[in-house]
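Asker: Please see the structure below; I have some questions.
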Amino acid sequence: MTREEFESFVLENYSALCDRPWARHPGYQVFRHPENGKWFALAADIPKSALNCGSDELVGVVNLKIDPVVSGSFLTEAGIHPAYHMNKDKWITLELAVVPDETIKLLLEMSFDATKEKKQASR
């Protein structure tokens with residue numbers, strides 16, 4: 001999946017807001033819940049060296065929030081890394097060109113659910 005395909009998928013399948021909050025990094029896209037503004041995905045092009053993969057070649061990635069209980073099983077898969085520049089206990093980074101589309105979609109759904117507004121218990 002490319003960055004463009006990822007963005008299209010998110011905007012077509014989620015009621016997401018997309019913005020670019022950093023003037024210094026105009027290529028970074030944040031996808032937010034429309035009701036609470038919480039991030040559920042961050043897409044960017046970063047150097048592979050930021051993922052401890054050696055080169056300074058740019059790679060398209062997406063950061064997604066994930067339950068720490070299940071993150072370990074995903075971190076063993078190719079193209080899935082501890083989060084770039086975010087809390088490594090609660091976020092992971094996926095290389096878009098490496099991770100299968102179905103895995104990206106599964107983890108995106110998990111991230112969306114993990115960050116949506118929690119329902120208040122009625123009394």
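Since every read-out is calculated from the coordinates, none of them should be taken as a lab result. Computed from a prediction, not measured in an experiment: that's the story for all the values here. Note that each Cβ is placed from the backbone with ideal geometry, even for glycine, and that neighbours are counted across all protein chains shown.
Asker: Straight-line reach from Lys88: which aspartates and glutamates fall under 13 Å, measuring Cα to Cα and dropping same-chain residues less than 8 apart?
Answerer: Asp67
Asker: Working from Cα positions, state the angle (0 to 90°, nearest 10) between the long axis of helix 101-115 and the longest principal axis of the chain.
Answerer: Relative to the chain, helix 101-115 is tipped by roughly 40 degrees.
Asker: Over the Cα atoms of the stretch 1-60, what radius of gyration and what Dmax do you get, in Å?
Answerer: Using the Cα atoms of the stretch 1-60, the pair Rg, Dmax is 12.9, 40 Å.
Asker: A follow-up question, please. Straight distance only, please: which lysines reach the Cα of Lys90 with their own Cα at less than 19 Å, same-chain residues fewer than 8 apart left out?
Answerer: Cα-Cα hits under 19 Å: Lys38, Lys65, Lys105, Lys116, Lys118.
Asker: Using just the helices of the chain, give the 222 nm mean residue ellipticity in deg cm²/dmol: DSSP H runs with n ≥ 4 each add -39,500 (n - 2.57), and the total is spread over all residues, rounded to 500.
Answerer: Details: 3 runs with 33 residues, N = 123.
For the chain, the value works out to -8000 deg cm²/dmol.
Asker: Under a Cβ-only charge scheme (Lys and Arg +1, Asp and Glu -1), can you give me the dipole magnitude of the stretch 3-115 about the Cα centre, in debye to the nearest 20? Don't skip to the answer; put the middle values down first.
Answerer: Numbers: 10 positive and 17 negative charges, 97 e Å.
It works out to roughly 460 debye.
Asker: Then there is this: Helix 3-13 versus the longest principal axis of the chain: what angle, 0 to 90°, nearest 10, using Cα atoms?
Answerer: It works out to around 10 degrees.
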